[in-house]
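So the structure is just underneath, and the comments pick up after that.
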Amino acid sequence: MLQPVTVEDADQTIEPYGPRAAVLLRATQRHVQLLATRFADEFYSRLAERPAASAILATLGGEAMQTLKSHQTSHLQFLLWPETMREQVIERAQVLGAIHALVGVTNSLLVQSLSIYRRLLGLHLNGVPLATKRRYSLALIIEARLQDDIQGQLEAAERTVASYFGTLSRPFPTLGVPWPDASATELNALGALPGIHGALLMRLNQEGVLTVERSAGPKAQGITDVLQNPQTSVLIDPDSPRGQGLIAVAWRTLQAQSTPAYASDPRLQFWAEPARRLNIQSTLALPILDEAGHAVACVYLYGAFPNQFESDWIQEFGRGLQRRWEQAWQRCRAKNVYALPESIAKSYRQQVFSGGLVMYGQPVVDLRTGAVHSVEALARLRLQDGTIVAPGKFLPLLGNAELEQLFKNGLDQALHALTTWDAESLQLTVAINLPPSVLLNPDSPIWISHALRRHGVAPHRLSVELLETQEIDSAAQSEAIQQLTRLGVRLSMDDLGSGYSSLERLSILPFDVIKIDQVLLATMRRSPMRVLSLVGALIQVGRDLERELVVEGLEDDGLIEAVTVLGATFGQGYALAKPMRLDAIAGWVRQFKLGTRSGQIRTPLGALAYHWAFMHSGDPPKPATALDTCPLTQFFRLHAPDDHDVNQWHAQIHSATDAQGASRLLTQWLVDRVRMA
């Protein structure tokens, strides 16, 4: 706490804000106020002789400098006003101290300015016509008030700096927390800092425009409106006037960018007028890099004061802030998808709570019999105009609250659909995705249990699909999964093959169903031998562990045929069925017929898979492996009837005459046909 300062007047004490001080100040008010009006020019002239102060003052234009001098005059008049109270001085000092810290006035410079104050005031007071004792008392009153002012500013400056660095010492986002939640928390903390007009998180959209993904701060909406306007949005293109701003430069150079004076920076003239309206004085742009060193986002801070991001302490803060955001990105395992404007993202999140969720279903088919085995429920978002939004566009925008609502609502829709299929004598099961963050909610087993009872569905007819993830604590994950198994629902490991920990999780956790990731099959035609080997190995793992195995991503007949040859039991993908509304599933099931036929090879990829399996198995695939009954014999008759080499290589393999050499040649021929298909 600041303590009042007293001065001695002859043999009695004069309190600097008391009635005797007021009488003395009132008697000399005309001289004191004249002193204040003459003081500012000389003060700033002397202050500019200090290099640190000169650098700050140099960022001010002529008009801004005159405004500063006017404020200084008003402040001195306020300090010397007879009725001014100590509480008022302290209150104003809090504001000034914060501003001085933000514009780069260090404590040392603040103390130096007080020294100049004292010297100049002493010189000017010598000209006031007062008796020596009264002049001395006046000087001590002014000194006491100056001390209160400077002490208040020093304390406020320390609090301001501490508030900035305090944002860096906050707990990091929990592993696995959704990026929208983590980024909102981090950005809101920045937007609440003193001197910050706006804090923006910007990322690229599909058109190469840096888009405001989230914003915070008192003037964030106005800034966002400017940057979301197609005429004033920010481009990455260095040849465009809209690509000269600090955000674009930071993105291209991967280095932080700042400006001490927005209005006079030639790089920012394209946005100078809206910045003037919003009183933006300075900015700082921080590129956020992923683990590979690529820019994935940019944090942009808008300052209320000139020179706000140039001091040593604020630059140290900026480096720490950049590291914090990069670590947050990595901890959240955020996906670098294209950004959507903040207003659209907000409307998507609101739709989750406003009845906009519509569950579609994609059938899973038994590849041996053609029977429909189960249905995976997939989320879609229906906007107010009827537009259906795909999950890849809205799921990355959802935080924990929205993901929990989506799961509960989606589960209700899926179980309701299951009861309607029962009524139509369709014996199906249903699966639904359980996001990792929702899995860790201790209430999730209760939600599932209540939903099953509400719809009268036996637990074993529901599968919950768990994405492979390394972002959440393994012990917490295991405990959550054990709770689900106690309910009796089936567990499905989604996306096997998309990360390094798959096999370890299979050996530890009680999964009933394994799903091979569709991303793996997407590279089949580029690297058919590598992918066939991996898929074959994963199918064998499923057999060895006696797990039900589903191959996702079956987009054409060749893929269906290939995985069937490799021994896959169940398949899912667009070549079998596209996702459809849940109420359309029953009609589709009744008319569906599997196009591939057991024992026949009709596609180059199926032929390559059969040949690979034949050469890698001591017990060749059935039916018989004699040349005349081999499925490849009929395939070559149809697709290479006049190719003597191909038929000779095939015959050599069956006769065991240089089978390995013939196999290599036949494999390459088939690989070429797969890549051309």
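The values are calculated or read from the model by the stated rules, or taken from the named source; none is laboratory data. Note that the coordinates shown come from a computational prediction; the quantities given were computed from them, not determined experimentally. Quick reminder, even Gly has a Cβ in these numbers, built from the backbone with ideal geometry, and neighbours come from all protein chains shown. For the accessible areas, the whole protein counts, side chains as well, though only heavy atoms, and no ligand, DNA or RNA atoms are used. Shrake-Rupley method; radii C 1.70, N 1.55, O 1.52, S 1.80 Å.
Distance between the modelled labels on HIS460 and ASN279, one decimal in nanometres: 7.0 nm (7 Å Cα→Cβ projection). Between the residues LEU227, HIS294, PRO435, the greatest Cα displacement towards the positive end of the dipole of the chain, with unit charges on the Cβ of Lys, Arg, Asp and Glu, is found for LEU227. Radius of gyration over Kirkwood radius for the stretch 415-472, both on Cα atoms: the Rg/Rh ratio is 1.04. Distance distribution P(r), the stretch 112-208, all Cα-Cα pairs, bin width 5 angstrom from 0: 2, 10, 13, 12, 10, 8, 7, 7, 7, 6, 6, 4, 3, 2, 1, 0 percent. In the chain, with Lys and Arg counted as +1 and Asp and Glu as -1 at Cβ, which of these residues, VAL177, THR629, ALA417, has the Cα nearest the positive end of the dipole, that is, farthest along it? Working it through, the farthest residue towards the positive pole turns out to be VAL177. Quick one: Kirkwood hydrodynamic radius for the stretch 244-291, alpha-carbon pairs, angstrom, one decimal? After inverting the mean inverse Cα-Cα distance, the result is 11.2 Å. Taking 7 Å along the Cα-to-C-beta vector as the label spot, tell me the ALA192-ARG590 distance in nanometres, rounded to one decimal. Output for this residue pair reads 5.9 nm. Judged by the mean number of other Cβ atoms found within 10 Å, the most tightly packed of the peptides 635-643, 343-351 leads the ranking 343-351, 635-643. Given axes a ≥ b ≥ c from the Cα gyration tensor, I'd like to know whether the stretch 195-314 is rounded (a/c under 1.5), prolate (a/b larger than b/c) or oblate. Cα axes put the stretch 195-314 in the rounded bin. All alpha carbon pair distances within the chain were sorted into 20 Å bins beginning at 0; the resulting P(r) in whole percents reads 15, 32, 26, 15, 8, 3, 0. Computed about the Cα centre, the dipole magnitude for the chain is approximately 1160 debye when only Lys and Arg (+1) and Asp and Glu (-1) carry charge, each at its Cβ. For PHE570, the residues whose modelled amide H falls within less than 5 Å of its own, excluding neighbours fewer than 5 places apart on the same chain, are LEU367, LEU549, VAL551. For the stretch 199-245, the Cβ-based charge dipole about the Cα centre amounts to some 200 debye (Lys, Arg positive; Asp, Glu negative; other atoms uncharged). Taking other residues whose beta carbon is less than 12 angstrom from the beta carbon of LEU25, and scoring Lys, Arg as +1 and Asp, Glu as -1, yields +4. Each of VAL105, MET65, ASN205 was placed along the dipole of the chain (beta-carbon charges, centred on the mean Cα), and the one lying farthest toward the positive end is MET65. Between the stretch 163-228 and the stretch 269-289, the C-alpha centres lie 15 angstrom from each other.
Taking only the C-alpha atoms of the stretch 130-278, the Rg (one decimal) and the largest Cα-Cα distance, Dmax (whole number), read 22.1, 78 Å. In the full protein context, the stretch 63-119 carries 48 Å² of accessible surface per residue, based on a 1.4 Å probe and ignoring ligands, DNA and RNA. Working ranking of peptides 247-255, 422-430 by packing, defined as the average number of other Cβ atoms within 10 Å per residue, highest first, is 247-255, 422-430. Working note: Karplus 6.51/-1.76/1.60 with θ = phi - 60° gives the stretch 601-606 the couplings 10, 10, 10, x, 5, x Hz, where Gly and Pro are set to x.
Think of each Lys and Arg Cβ as +1 and each Asp and Glu Cβ as -1; about the Cα centre, that makes the dipole of the stretch 145-228 roughly 60 debye. Report summary: the helix-based calculation at 222 nm, which adds -39500 (n - 2.57) for every DSSP H run with n ≥ 4 and divides by the residues of the chain, gives -16500 deg cm²/dmol. Fully extending the segment from GLN327 to ARG50 would add 95.8 nm, taking 0.36 nm per residue of separation and subtracting the current Cα-Cα distance. What FRET efficiency would be calculated for the residue pair ILE446, PHE353, taking the C-beta separation as r and a Förster radius of 25 Å, to the nearest 0.05? Efficiency computed from Cβ-Cβ geometry: 0.80.
Under a 5 Å amide H cut-off, with hydrogens placed 1.01 Å from N, THR283 pairs with THR259, GLY303 among residues at least 5 apart or on other chains.
For the chain, the carbon plus sulfur part of the accessible surface works out to 53%, probe radius 1.4 Å. Largest first, the extents of the alpha carbon coordinates of the stretch 528-677 on the three principal axes equal 57, 37, 26 Å. Can you work out the PRE-style zone for GLN600? Point 7 Å along Cα to Cβ, and I want the residues of the stretch 338-373 with backbone N under 20 Å. It comes to 366-372, nothing else. Close amide-amide hydrogen proximity is noted between GLU376 and GLN362, VAL364, ALA431, each under 5 Å apart and 5 or more residues distant or on a separate chain (H modeled in the peptide plane; Pro and chain starts excluded). Place a label point 7 angstrom from the Cα of ALA401 along the Cα-to-Cβ direction, then list the residues of the stretch 184-221 whose backbone nitrogen is under 13 Å away. Answer for this model: 184-185.
For an R0 of 30 angstrom, estimate the FRET efficiency from the Cβ-Cβ distance between LYS578 and LEU545 and round to the nearest 0.05. That pair, LYS578 with LEU545, gives E of 0.50. Per residue, the accessible area of the stretch 259-406 comes to 42 Å², computed with a 1.4 Å probe over protein heavy atoms only. A 1.4 Å probe run over the stretch 625-664, with the rest of the protein chains in place, finds 58 Å² accessible per residue.
What distance in nm separates the simple spin-label points at ASP557 and MET529, each placed 7 Å from Cα in the Cβ direction? About 2.7 nm separates the two model spin labels.
For the set LYS408/LYS593; LYS69/LYS133; LYS335/LYS578; LYS335/LYS593; LYS346/LYS515, the pairs lying more than 30 angstrom apart at their alpha carbons are LYS408/LYS593; LYS69/LYS133; LYS335/LYS593; LYS346/LYS515.
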